[in-house]
Amino acid sequence: MKKIIISITTTLCLLGCGGEDSQNNSNTPNQQEKTSSEIIQQMERNGELPVLDRSTSIEGIDLNNNHIRDDIEEYIAKEYTEIHKRKAVEQLASTIQLGLNADKTDIEALKQVSNNQSRAIGCIYQQFPMEDTVEAKNVVKDLISLTTNTKERLVAHLEMSKALDGTVLSLPKGDLCDD
C-alpha cells in the first residue's frame, strides 16, 4: 500500500514539478499530457497502481449492485485478504459511493449518508488496530482517493461536504461494523 502511495506521489511530482525535462520546454502541453497517461498506464500494467475506472460516470460500473464500483471492489479483494478487514473496507466503500450518488439538496438523506460513513470509519478503526502495519487513517484516506479518482467524482464528494457544512452530527458508538 505504501508503495502505491509513494508511486502516485512520485508520479505526480515528476509530472507537476517537471522532472528532468523541466529544463527542456520543447514538449507541448499535449505531449506532456500524453506522457502522463502513458506513465500511469505503465504503472497500472506493472501493478504499481490499481486499474481504476476513469469514465465520467459518477456511479461507474457496479454489476452486482452492492454500491461498490467493481474496480474498487477488485482493489479491496486484492489488498485486504483478512475477511473482517475486507468487510470493514467494503462498508466504507459502499458509504462513500452512496455519498457520491446522493441528492445534494436532500439534507436529511445526506446526514444519514454521513452518519453511515462515520460508522464505517469507526469500523475501520475497530478492525485495524494501531499496532497493525496498515494504519486505519491511511485505509480511509486511500479509499476516498481511489473512489474520487475523476473530476466528476471528486466534485460530487466536495458537493456533499459543502451541502453538510454547518450541520451537526453525533459520533457513533458501540459496534460500528455492519457484519
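A short reminder: the numbers here are calculations on the coordinates, not readings from a lab. Note that the coordinates shown come from a computational prediction; the quantities given were computed from them, not determined experimentally. We place every Cβ from the backbone using ideal geometry, glycine too, and count neighbours over all the protein chains shown.
Restricting attention to region 47-75, the residues being surrounded by fewer than 19 Cβ atoms within 10 Å (Cβ to Cβ), part of a helix (DSSP H, G or I) and in contact (Cβ under 8 Å) with a residue 24 or more places away in the chain number 1.
Applying the condition of being aliphatic (A, V, I, L, M), surrounded by fewer than 20 Cβ atoms within 10 Å (Cβ to Cβ) and closer than 22 Å to Arg69 by Cα to region 92-112 and asking which residue is farthest from the chain's Cα centre (by Cα) yields Ala109. Of the residues making up region 133-150, just one is closer than 17 Å to Leu176 by Cβ and surrounded by fewer than 19 Cβ atoms within 10 Å (Cβ to Cβ), namely Lys137.
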